[in-house]
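> So that we are looking at the same thing, I have put the structure below in C-alpha cells.
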Amino acid sequence: MTTRVALFPGTFDPPTLGHLDVVRRAARLFDSVVVAVAAHHDKRHLLSLDERLECVRSAVADLPGVEVLALDGLLVEGARRLGACAVVRGVRTAADLEYERQMALTNRALHPDLETVLVLPSPEVSHISSTLVRQVALMGAPLEAFLTPEVERIVRAALNR
C-alpha cells in the first residue's frame, strides 16, 4: 500500500490558526502531511527561517503524521524528492482562488502527477492572514485570536529585537 504524502507549502510568517486549520484538514485526507516552510522567497520576513520552523513545529506537535521542514527551490522538485502526490493550499477569497489556479496549472505543467487540493478554512479563521497578523502585532494588539500562544511568544520576541 502506498503512503499518500501531501505537501503544504508556505512562508508561514507567522503561521496562523488558519494555517493550522488547513493542516488539520489535510491530515485527515492524507497519510502524511509535510509542512514545507519556504527557505527563500521574495518577501521580507518578520521571522527568520529557524523561527518560522520553530513556530510551525510547535503548532503541529500534537498532529500525528505531520512533519515540518524547510524547502528551497521549486515546489515541484521538493514534491518529487518527498514522494508527494498532492499540494494542499488554503483558499480564503476569490483572489486566492485565482492565484492558486494559476499555480496549480503551472505545477501541473512541470509535474503532471502532482495534484493540487484546495481547502477552505473554517469560517472562524478564514479571515486570518499572516499579513494581517503582522500588522496587528506591530500595533501591539493581542494576538490570541490569530496565533497559538507559543507562536505569539516568538512573534513578540522578534518584534522586540
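> Output the residue which, of all residues in region 26-44 that are crowded, with 18+ Cβ neighbours inside 10 Å and not small (G, A, S), is farthest from G65 (Cα to Cα).
The residue in question is V37.
> Return yes or no: is A104 in contact with a Ser or Thr (Cβ under 7 Å, 6 or more places away or on another chain), among the aliphatic types (A, V, I, L, M) and under 22 Å from F30 (Cβ atoms)?
Yes; evaluated as a whole, the condition is true for this residue.
> Kindly indicate the residue of region 1-25 that is in a loop (DSSP other than H, G, I, E, B) and under 11 Å from the mean Cα position of the chain (by Cα) and also surrounded by the fewest Cβ atoms within 10 Å (Cβ to Cβ) among those meeting that condition.
Residue satisfying both the conditions and the ranking: T11.
> In the list L74, L110, which residue meets the criterion of being among the aliphatic types (A, V, I, L, M), farther than 20 Å from V23 by Cβ and within 16 Å of the chain's Cα centre (by Cα)?
L74
> Could I ask something else about it? Residues of region 1-37 being out of contact with any His (no Cβ under 9 Å at 6 or more places or on another chain) and under 16 Å from P149 (Cα atoms), which ones?
P14, P15, T16, L17, H19, L20, D21, listed by residue number.
> I want to confirm something. Restricting to region 38-87 and keeping residues that are under 27 Å from F146 (Cα atoms) and basic (K, R), which single residue is modelled with the lowest pLDDT?
The selected residue is K43.
The values are calculated or read from the model by the stated rules, or taken from the named source; none is laboratory data. Everything numeric in this text was worked out from a predicted model, so none of it was measured. Methodologically, a virtual Cβ is constructed for each residue, glycine included, from the backbone with ideal geometry; neighbour enumeration extends over all protein chains shown.
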